[in-house]
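Chemist: Dropping the structure in here first, questions after.
The values are calculated or read from the model by the stated rules, or taken from the named source; none is laboratory data. For clarity, every value in this text was computed on a predicted model and none was experimentally measured. Don't worry about glycine lacking a Cβ; one is built from the backbone with ideal geometry, like all the others, and counts go over all protein chains shown. Keep in mind that these areas ignore ligands, DNA and RNA; they rest on the heavy atoms of the full protein, side chains included. Shrake-Rupley method; radii C 1.70, N 1.55, O 1.52, S 1.80 Å.
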Amino acid sequence: MNRMVLLAAAIGAAGVLAAPAAGQSADWSLCAPAAAGDWERAIAACSRLVAAGTLKSGERAAAHVNRGTLYLLKGDAQRAIKDYDAALKLEPDDVVALNRRGEARSRQADFVGALADYDEAVRLNPRYPLAFRNRARIHFYRGDFAAAAEDFRSAEAIDRGNAYSLLWRYVAEARAGVVDQAGLERGSGQLREGWPKPLVLHFLGRLPRADVLATAAADTAKRQEQECEAHFFLGQKHILAAAKEAAVAELRQALTQCPGHMVEHHATRVELRRFGAAAP
């Protein structure tokens, strides 16, 4: 998924959590983005875990990563970075902490620092597609579309069937001057079902805009995020067609839909600045 992965998945990727210590199970359950919305309670649970003297270093690092991600989802990138720093002091090879710190640094427009984190994450785990996708987006923001396409292609090779990698790669290559419609066609046959496959079908001319938006809105639990992504990529399609006014209209609509933690929120602002268009 193009949004931040839930911490349960991140913990699994990091491989750092053992069975919780007695009496701490409730705090581990609360200290996760699944608790997003009740920020103070979730952060307080993470803080109790961080302060506990009974945790192993890997467990304490995981609690820092969890709390950092809660801060990042809440919009506090600076506190998030402090937690990721603490996690990396405990577990220097934690690729999840590196990747998340890269996201937080990117949120602060520290693209040099973000790239350093993604480079290290990829070095430590060359089979970690999320770090490749995030590094690719930094290249995309900076206008280096060829480098972005290369990293999206690496992510696609690792995680076959991921529509985000395929779609971003196609857009980045096209922005670099190489329109690989045949590659998009081949990749579409390997995609997992569900969102955002309809966007790929739209780029292939098989699904009209109205049907893409209807599909995005059909899942009420994910409607806002899917509509955000839909308008962002519809804007990209207009950019590739050199239809500036239509592109700006879609991007402005995306910005009204996109929660601040989504990559499309930042990417939309970058694109509007490229056009010299004021954000709504």
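Chemist: Scanning the stretch 240-280 for residues that are acidic (D, E) and surrounded by 12 or more Cβ atoms within 10 Å (Cβ to Cβ), which turns out farthest from A216 (Cα to Cα)? Steps first, answer last, please.
Modeler: Our first condition is that a residue be acidic (D, E); within the stretch 240-280, this holds for 245, 250, 264, 271.
Still in the running and surrounded by 12 or more Cβ atoms within 10 Å (Cβ to Cβ): 250, 264, 271.
Working: E250: 15, E264: 15, E271: 22 Å.
Among those residues, the one meeting the criterion is E271.
Chemist: Within the stretch 47-83, track down each residue that is open to solvent by less than 30 Å² (accessible area, probe 1.4 Å) and touching a residue at least 40 places away in the same chain (Cβ under 8 Å).
Modeler: Across the stretch 47-83, the qualifying residues are G58, E59, A61, A62, V65, N66, T69, L72.
Chemist: All but one of (1) under 21 Å from the mean Cα position of the chain (by Cα); (2) within 17 Å of W168 (Cβ to Cβ) hold for A221; which doesn't?
Modeler: Every listed condition holds for A221 apart from (2).
Chemist: Please tell me if G177 is over 18 Å from the mean Cα position of the chain (by Cα), of a type in the set (G, A, S), within 26 Å of Y118 (Cα to Cα) and open to solvent by 10 Å² or more (accessible area, probe 1.4 Å). Reasoning before the result, please.
Modeler: Numbers: over 18 Å from the mean Cα position of the chain (by Cα): yes; of a type in the set (G, A, S): yes; within 26 Å of Y118 (Cα to Cα): yes; open to solvent by 10 Å² or more (accessible area, probe 1.4 Å): yes.
Here the answer is yes, as G177 does meet what is asked.
Chemist: Can you tell me how many residues in the stretch 143-179 are part of a loop (DSSP other than H, G, I, E, B) and either under 19 Å from F232 (Cα atoms) or modelled with pLDDT of 95 or more (or both)?
Modeler: Initial filter on the stretch 143-179 (part of a loop (DSSP other than H, G, I, E, B)): 143-144, 159-162, 176-179.
From what's left, either under 19 Å from F232 (Cα atoms) or modelled with pLDDT of 95 or more (or both): 143-144, 162, 176-179.
The total comes to 7.
Chemist: Being in contact with a Phe, Trp or Tyr (Cβ under 7 Å, 6 or more places away or on another chain) and either among the β-branched types (V, I, T) or closer than 21 Å to G260 by Cα (or both) narrows it down to one residue among A114, A104; which is it? Break it down stepwise before answering.
Modeler: Values: A114 fails: in contact with a Phe, Trp or Tyr (Cβ under 7 Å, 6 or more places away or on another chain).
After applying the criteria, what remains is A104.
Chemist: Moving to a separate point now. So R223 fits all but one of (1) open to solvent by 10 Å² or more (accessible area, probe 1.4 Å); (2) in contact (Cβ under 8 Å) with a residue 60 or more places away in the chain; (3) more than 14 Å from T268 (Cα to Cα); (4) not aliphatic (A, V, I, L, M); what number is the exception?
Modeler: Against the list (1) open to solvent by 10 Å² or more (accessible area, probe 1.4 Å); (2) in contact (Cβ under 8 Å) with a residue 60 or more places away in the chain; (3) more than 14 Å from T268 (Cα to Cα); (4) not aliphatic (A, V, I, L, M), R223 comes up short only on (2).
Chemist: Does the stretch 185-204 contain at least one residue that is assigned to a helix (DSSP H, G or I), under 21 Å from F140 (Cα atoms), open to solvent by 40 Å² or more (accessible area, probe 1.4 Å) and not aromatic (F, W, Y)?
Modeler: The answer is no; no qualifying residue exists.
Chemist: Counting only residues that are at pLDDT below 90 and either open to solvent by less than 20 Å² (accessible area, probe 1.4 Å) or assigned to a loop (DSSP other than H, G, I, E, B) (or both), which one in the stretch 36-46 is nearest to L73 (Cα to Cα)?
Modeler: This residue is A36.
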